[in-house]
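Read-outs: derived from the displayed coordinates by stated rules, not from any lab. Predicted model only: the values in this text are computed from it and were never measured. Here the Cβ positions follow ideal geometry from the backbone for every residue, glycine too, while neighbour counts run over all protein chains shown.
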Amino acid sequence: MNHSPFSTPDSRPPIHVVAGVLSDARGRILLARREGERELAGLWEFPGGKVEKGEIAREALARELAEEIGVEVEPAAMRPLIAVPHRMASGKRIVLDVHRIARFKGRARGLESQALAWVQPERLADYSMPGADRPVVAALREPEFCVVTSSRNAAGEALFTQLEQALAGDARRVIVRGPVRELESVADALASLAVRLGASILFESDALGLDAAMVLARRPGLGAHLAAGDLDRVAASPAAGGLLLSATGDSALALARAQEAGVGFALVELSTPRDARHEAASRLARFAALRESVTIPLYLAAGQADDLQAARAHGAQGLVVPLPG
């Protein structure tokens with residue numbers, strides 16, 4: 001199935017922009033700095049440019065990379081990473097269609113006098129970037145799935161065992177929902193497990209109370225999933241700086257509040273449209289419209305996209321999936 005990066009409810013088509021993620025033999029990723037009088041000059045971005053009339057995305061990206069940095073890339077060597085719908089401060093709407101580049105020929109150099117930098121993936125966030133590029137960094141570095149517990153899962157030590165099994169597998173980001181006070185006694189063990197596996201476990205502020213959740217979030221490997229009513233309080237608290245926080249939103253306003261509160265990512269849960277025949281397409285279009293308004297990573301709730309590829313084609317970091325149990 002082809003998933004168009006232009007699936008937004010606005011009747012005016014956004015500007016289609018392509019970008020490439022090029023890696024060298026040391027695993028470093030190439031960034032280019034916008035120069036001169038261009039909009040967003042001085043910021044770093046993944047190299048690329050606009051798709052011209054009659055071009056497809058991969059052809060446009062191959063042309064732009066040859067013109068801008070002098071490398072030759074075959075379209076067959078490109079793999080879709082994420083397409084980010086974004087509304088700029090000027091009001092201009094774009095879709096940044098990003099591909100990983102598996103191989104290329106030539107030495108990258110700034111043919112338009114732009115500075116280039118080869119950057120280790122863990123240092124990408126240190127570079128000031130346009131808003132549309134920030135979700136790309138997350139797509140490269142952060143988990144594709146966010147695992148969420150439910151009332152169907154066990155409690156207490158049994159839930160700890162389920163979390164341990166999930167983290168021992170592929171899960172790297174888990175939100176624990178519901179009453180979990182029994183887990184407070186094993187918080188140190190959970191934190192150690194998360195750190196050892198490069199994962200994170202977040203607890204709902206609704207279930208524990210904000211103060212208790214924030215205390216847990218100060219442990220390495222742990223975080224807090226904030227209720228809507230806690231966002232303003234956290235935004236005003238300097239003590240929240242540096243903590244892993246998340247939230248849930250279903251509107252542009254809710255997601256903007258979450259971003260202002262400093263959350264690292266958000267879950268998006270959309271209501272079911274009246275016409276179930278077009279349920280998946282409708283949800284993805286609505287999600288893409290929400291994606292335009294914020295730059296934090298967004299996970300789309302389970303069942304609201306055909307698959308990860310469809311979600312990524314509309315700007316999602318990934319999908320929310322239930323914890324087996």
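From its DSSP helices (H runs of at least four residues, each -39,500 (n - 2.57)), the chain gives a residue-normalised ellipticity at 222 nm of -7500 deg cm²/dmol. For the stretch 159-267, the alpha carbon convex hull comes to 93 Å³ per residue, rounded to a whole number. Summarised in one figure, the compactness ratio Rg/Rh of the chain, Cα atoms and Kirkwood Rh, is 0.99.
Tally the DSSP beta bridges in the chain and give the antiparallel ones as a percent, rounded to 5. Bridges in the chain that DSSP calls antiparallel: roughly 35 percent.
The slack in the chain from Glu67 to Arg93, taken as 0.36 nm per residue of separation less the alpha-carbon distance, amounts to 6.9 nm.
Each of Glu142, Glu39 has some number of other Cβ atoms within 10 Å of its Cβ, and from fewest to most they run Glu39, Glu142.
Footprinting exposure proxy ranking of Met88, Met78, fewest other C-beta atoms within 10 angstrom first, gives Met88, Met78.
With neighbour counts taken as other beta-carbon atoms within 10 Å, the residues Val98, Val321 rank, fewest first, as Val321, Val98.
Site pair Val215 and Leu253 shows an inter-label distance of 3.4 nm when each label is modelled 7 Å from Cα along Cα→Cβ. With a simple spin-label model that places each label point 7 Å from the Cα along the Cα-to-Cβ direction, the separation between Glu52 and Asp126 comes to 3.8 nm. By the equivalent-ellipsoid construction on the alpha carbon gyration tensor, the stretch 45-163 comes out with semi-axes of 36, 17, 16 Å, ordered largest to smallest. Packing-based ranking of 308-320, 127-139, 101-113 yields 308-320, 127-139, 101-113, ordered from highest to lowest mean Cβ neighbour count within 10 Å. A Cβ-based charge dipole, computed about the Cα centre of the chain with Lys and Arg at +1 and Asp and Glu at -1, lands at about 440 debye.
Taking a straight line from the alpha carbon of Lys92, these lysines sit under 25 Å away, with near neighbours fewer than eight places off in the same chain left out: Lys50, Lys53.
Beta bridges per DSSP, both residues in the stretch 15-137: antiparallel share near 70 percent.
Entry note, the chain: relative contact order of 17 percent, from Cα contacts under 8 Å with a spacing of 6+ residues.
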